[in-house]
Amino acid sequence: MPLSLKTKLRTWAVALAAYDEEDYETALGLFSRLPKSSIILTNMGLIYAALGEHEAAVDRFIQATLRDPYLAVAYFQCGVSNFLLARYDLAYRDFREALRHLRNNQTIDYEQLGLAFKLYPFEVLFNRGLCLIALERPDAGLADLRAARKLKASKDHEIVEGAIWRRGDGYMVFSIPRGTCYRPSVKKLVNAGSRDYMGEAKLIAALDIHDTSTGFSGVERLQLHRYFDGNVNWRSASAEEQRPETETDIDDARSRPVPPRGASINDATRGGVRLSLCLLRPSYACMRADLTGRADAVLSWLRTSVDDV
């Protein structure tokens, strides 16, 4: 079953914590559980290199370049491991590929991808020059070192002067610093944490301070009926008044005068029609009102309702 993004990021973070504590075996075990992307394979190659297992490191770097043929840093580090294995011809090819994939850039900054490392053409040329010298091609090797001298970009690159003077004797290739590897961004790790999108229910309005909840059920609305007789007299519906309507009740309701559609109260009054609101059902805001303590509030609501009509 494929791992979720959240699980991948958490496993990655735990593996990095083990790597930082130099618990390389645990880190490798955790990285091996993740999908083998070029980034994860490069990390595994760097860990194997830190353990001195350069054969395994080369294998991981090669797999990384197969998944991402443009990953110059993987070619570069593969060349480093091959150089340390005294495979100078293979190392030379790796550095040549790394230089080709730099595509004439002054540098490639892998920081945005999570790797705190900048790859410079100077370092690739310097390493390739040492390979050529080791392959007993000193002239070609010194030519690479002189070409690298023109591309110096930091104080660490000043060693090229001594390397040229000593014809590369006793010098070591540049490499990704120990402890450096691809790391997910802090933002990704934070977003991978558990999040409650629903939240908790909160009562923000109620008619009674003792209420802990409110609702809109029809049962609650039927508990409170209002009768209006023109003098704003009202009372709670009794059990008798809540009985089902009979045919007589329906006939009475039909006989009551009703203002024509679109007519206002003033129009109805001028026409001799007396408006009688016999049954007012409370709005949702008046549900569950305390009839003895909320009389003024209900009367105010009734007046507003009449004005609206």
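The values are calculated or read from the model by the stated rules, or taken from the named source; none is laboratory data. Not measured: the values here are computed from a predicted model. Every residue, glycine as well, gets a Cβ built from its backbone with ideal geometry; the counts of neighbours run over all protein chains shown.
Could you go through the stretch 117-134 and let me know if any residue there is modelled with pLDDT of 95 or more, in a loop (DSSP other than H, G, I, E, B) and in the same structural domain as residue 9 (by TED's automatic domain parsing). Looking for residues that are modelled with pLDDT of 95 or more, in a loop (DSSP other than H, G, I, E, B) and in the same structural domain as residue 9 (by TED's automatic domain parsing), one finds at least one in the stretch 117-134, hence yes. Just give me the residues in the stretch 95-116 being assigned to a helix (DSSP H, G or I) and touching a Phe, Trp or Tyr at 6+ places or on another chain (Cβ under 6 Å), in sequence order. Hits for the stretch 95-116 are 97, 98, 101. For residues that are of a type in the set (Phe, Trp, Tyr) and closer than 14 Å to residue 12 by Cα, scanning just the stretch 22-67, find the one that is surrounded by the most Cβ atoms within 10 Å (Cβ to Cβ). Taking the candidates together, the pick is 31.
How many residues does the stretch 136-148 contain that are over 44 Å from the mean Cα position of the chain (by Cα) and surrounded by 17 or more Cβ atoms within 10 Å (Cβ to Cβ)? The qualifying residues number 4. Considering only residues in the stretch 17-68 that are hydroxyl-bearing (Ser, Thr, Tyr) and farther than 14 Å from residue 176 by Cα, the one that is nearest to the chain's Cα centre (by Cα) turns out to be 37. In the stretch 73-101, of all residues being within 28 Å of residue 186 (Cα to Cα) and among the aliphatic types (A, V, I, L, M), the one that is surrounded by the most Cβ atoms within 10 Å (Cβ to Cβ) corresponds to 74.
Checked against the criteria, residue 107 counts as in contact (Cβ under 8 Å) with a residue 40 or more places away in the chain, more than 30 Å from residue 18 (Cβ to Cβ) and of a type outside the set (Lys, Arg). If the condition is being among the polar types (S, T, N, Q) and crowded, with 20+ Cβ neighbours inside 10 Å, then the stretch 103-135 contributes only 127. Mind checking whether some residue in the stretch 135-150 is assigned by TED's automatic domain parsing to the domain that holds residue 94, on the phi > 0 side of the Ramachandran plot and touching a residue at least 40 places away in the same chain (Cβ under 8 Å)? Checked against the condition, which is being assigned by TED's automatic domain parsing to the domain that holds residue 94, on the phi > 0 side of the Ramachandran plot and touching a residue at least 40 places away in the same chain (Cβ under 8 Å), the stretch 135-150 yields no hits at all.
Is there a residue in the stretch 120-130 that is within 30 Å of residue 9 (Cα to Cα) and polar (S, T, N, Q)? The answer is no, given that none of the residues of the stretch 120-130 is within 30 Å of residue 9 (Cα to Cα) and polar (S, T, N, Q).
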